[in-house]
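The values are calculated or read from the model by the stated rules, or taken from the named source; none is laboratory data. Note that the structure is predicted; figures quoted are calculated from it, not measured. Heads up, the Cβs are rebuilt from the backbone with ideal geometry, glycines too, and the neighbour counts pull from every protein chain shown. Just so you know, the surface numbers come from the protein's heavy atoms only, side chains and all, with ligands and any DNA or RNA stripped out. Shrake-Rupley method; radii C 1.70, N 1.55, O 1.52, S 1.80 Å.
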Amino acid sequence: MNKNTNNNPLVAKNQEFLAEDHKLMINNEWVTPSSGDYIDVFDPSAGSAVTRISSGNADDVDNAVNAASEAFKSWSKTTPLTRQSLLLRLADLIEENAERLSEIESIDNGKSLIIARNGDVGSSVNFMRYMAGWATKITGSTLDISAPHMPGAEFHAYVKKQPVGVVGAIVPWNFPLSMSIWKIAPALATGCTVVLKPAEQTSLSALILGELIIEAGFPAGVVNIITGYGQNAGSPLVAHPKVNKVTFTGSVETGKIVGRQAVGQMKRFTLELGGKSPIIIREDANVEASILGASMAIFFNQGQTCTAGSRLYVHKSIFDGVVAGVAEFANNINVQPGYDAACGMGPLVSKEQSKRVCDFIASGIEEGAEVMAGGAKLDRDGYFVAPTVLKSTQDMRIVQEEIFGPVVCAMPFDDDEEVLELANETRYGLAASVWTQNLRSAHDLAAKIQAGTVWVNCHNVFDPNLPFGGVKQSGIGRELGKASIDGYLEDKTVLMKLN
Ligand code: NAD
């Protein structure tokens, strides 16, 4: 196996890390997969294998869930301050290991080191510190009795919040570390225990996170990590009878399978799924800022962002200028391996994803889309696709389906009424952005766009305190903020007759 194929400078610890086959983390121990099988991990910048992860199966999942179930008995009884302190300690360790984690994320996923440092590792530290604070602020409520029950009887009633139990967390490959932490941090803050199943393409940062979880001092079984394929490891995790809640981030198609499976046992579940987020640029927008904003909204993280601004609606009076500006931005992006200091945009995560994106581009061109920038795979090793801008029409498949790559479909509109109809004409409802200097229009459009998040004069800004999630087929439930904490708690109603 060819390690470190592009001769990128590796921090010493990562050299050692990539040189070994990776095990599963169960009960704070590293164990070999019961199948004895491993999965090659590819560096998308070179298209060659750099290390191997364990291919976990149902037996491994069973061991991990049993460990989490046993650990729940004591972890759920620890004081909130203990949980808060451990989460803060873990956040510190992630921060101390930021360079190592960023580098691994960049090698594993292809993203630029800058995004890995800030978008993945930096935001994960902030999020974990924020969630640590919630551990000590979980409150139930006391409620008055509202109806007459027995003549003369007096009651005292309260609602207590209790952790839901063992959480099965399944994450995708686009923000491997932060998606894992979006799930682990609130689950641990509430007193739940976790079995994490990272994406098979990008499990490495989760495995380093596992090392740090042990180092931080979390008791055995509180977090367990099973790497492997969705069918072999993800599906048995969702199906396991001792898993009380499933929290899933990934595609709509897999989300529906996971949801159906969870409902079969009436497990709690949260689904964070795909998107086809519109960007609406009104005629009164700051054009320069809108061009930059629209470009970043799609090309950030190679367009592999669930909230990528992939449908660009521009008022017809400024359409040509804005599209030319976004195309110029695309043509000037320095497409390089993620760990190259000059990288403006890295490769896509895998050969399959690069083919999928190129097939979408070809289908758009076949349906009549006009290529304003890019339009093809780059002719070199690795999974590089040129940043692409396509003048499109609403009925095209590229406008209706999530591409999950650096491809934006631009379309003109006449007025707010028309653009609202176009923006909402999709099965997705994750996010949107509106670019305008008219406050009234901003509020009006924000209220009427069918999406879980609407940004105004910005895009892809996530805050730990603001709930995030989708409407329509983009998902069920919310992550971030208090909503995230609530997702790992059950209400327990207690009613006492006092006399
Ligand atoms: P995917 O659905 O193929 O896989 C996601 C995870 O599910 C992986 O870990 C995979 O191994 C696992 N999996 C696959 N089949 C499974 C099964 N039958 N049972 C249980 N687990 C299974 O998605 P992907 O290609 O890894 O990620 C891209 C998708 O994720 C895009 O659609 C993107 O929009 C979405 N996404 C959404 C958000 C959000 O917060 N809404 C964030 C990031 C990505």
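Annotations
- Linear extension gain, residue 476 paired with residue 414, 0.36 nm per residue minus alpha-carbon span: 19.0 nm
- Taking every Cα-Cα distance in region 9-58 and sorting them into 5 Å bins from zero, the calculated P(r) comes out as 5, 20, 22, 24, 16, 10, 3, 0 percent.
- Summing Lys and Arg as +1 and Asp and Glu as -1 over all other residues whose Cβ lies under 13 Å from the Cβ of residue 367 gives a net charge of -3.
- With only the Cα atoms considered, region 64-190 has a convex hull volume of 147 Å³ per residue.
- Note on region 56-126: Cα-Cα pairs beyond 16 Å make up 63% of the total pair count.
- Solvent-accessible area per residue, Å², over the chain with all protein chains present [probe radius 1.4 Å]: 39 Å²
- FRET E, pair residue 427, residue 77, Förster distance 41 Å, beta-carbon r, rounded to 0.05: 0.40
- Mean Cα-pair separation over length for the chain, i.e. relative contact order, pairs under 8 Å, 6 or more apart, %: 18 percent
- Accessible surface of the chain [probe 1.4 Å, protein heavy atoms]: carbon and sulfur percent: 52 percent
- At R0 = 56 Å, FRET efficiency that the Cβ-Cβ distance of residue 118 and residue 395 yields, to 0.05: 0.90
- Of the trypsin sites (Lys or Arg not before Pro) in region 287-356, the ones in a loop by DSSP (not H, G, I, E or B) with at most 14 other beta carbons within 10 Å are 316.
- Percent antiparallel among DSSP beta bridges (both partners in the chain, rounded to 5): 40 percent
- Nearest-0.05 FRET efficiency for residue 283 and residue 324, computed from C-beta distance (R0 22 Å): 0.85
- In region 331-431, a dipole from Cβ-located charges (positive for Lys and Arg, negative for Asp and Glu) runs towards its positive end, and of 406, 334, 361 it is 334 whose Cα lies farthest in that direction.
- Look at the alpha carbon pairs under 8 Å that are at least 6 residues apart: their mean separation over the length of region 308-361 gives a relative contact order of 17 percent.
- For the chain, the spread of Cα positions along the three principal axes, ordered from largest to smallest, is 76, 64, 38 Å.
- Taken along the Cα-to-beta-carbon direction at a fixed 7 Å, the label points for residue 292 and residue 149 span 6.2 nm.
- Over region 219-318, volume per residue of the alpha carbon convex hull, in Å³: 157 Å³
- Site-free segments of the chain were taken between GluC sites (Glu not before Pro) in DSSP loops having at most 12 other Cβ atoms within 10 Å, sites themselves excluded; the longest one is 155-499.
- Helix content alone sets the calculated 222 nm mean residue ellipticity of the chain: runs of n ≥ 4 DSSP H residues at -39500 (n - 2.57) each, divided across all residues, give -11500 deg cm²/dmol.
- The alpha carbon convex hull volume per residue for region 445-499 rounds to 144 Å³.
- Extension gain, residue 32 to residue 229: 0.36 nm times the residue separation minus the Cα-Cα distance gives 69.4 nm.
- Computed extension gain for residue 62 through residue 341, at 0.36 nm per residue and net of the alpha carbon distance, reaches 96.2 nm.
- Cleavage-rule hits, trypsin sites (Lys or Arg not before Pro), region 48-77, DSSP coil, Cβ neighbours within 10 Å at most 15: 77
- Applying a DSSP loop filter and a limit of 12 other Cβ atoms within 10 Å to the trypsin sites (Lys or Arg not before Pro) in region 120-184 leaves 137.
- A straight Cα-to-Cα reach below 18 Å connects residue 267 with the lysines 161, 183, 197, 242, 245, 256, 492, residues fewer than 8 places away in its own chain not being considered.
- Cα gyration tensor category, rounded, prolate or oblate, for region 390-499 with a/c compared to 1.5: prolate
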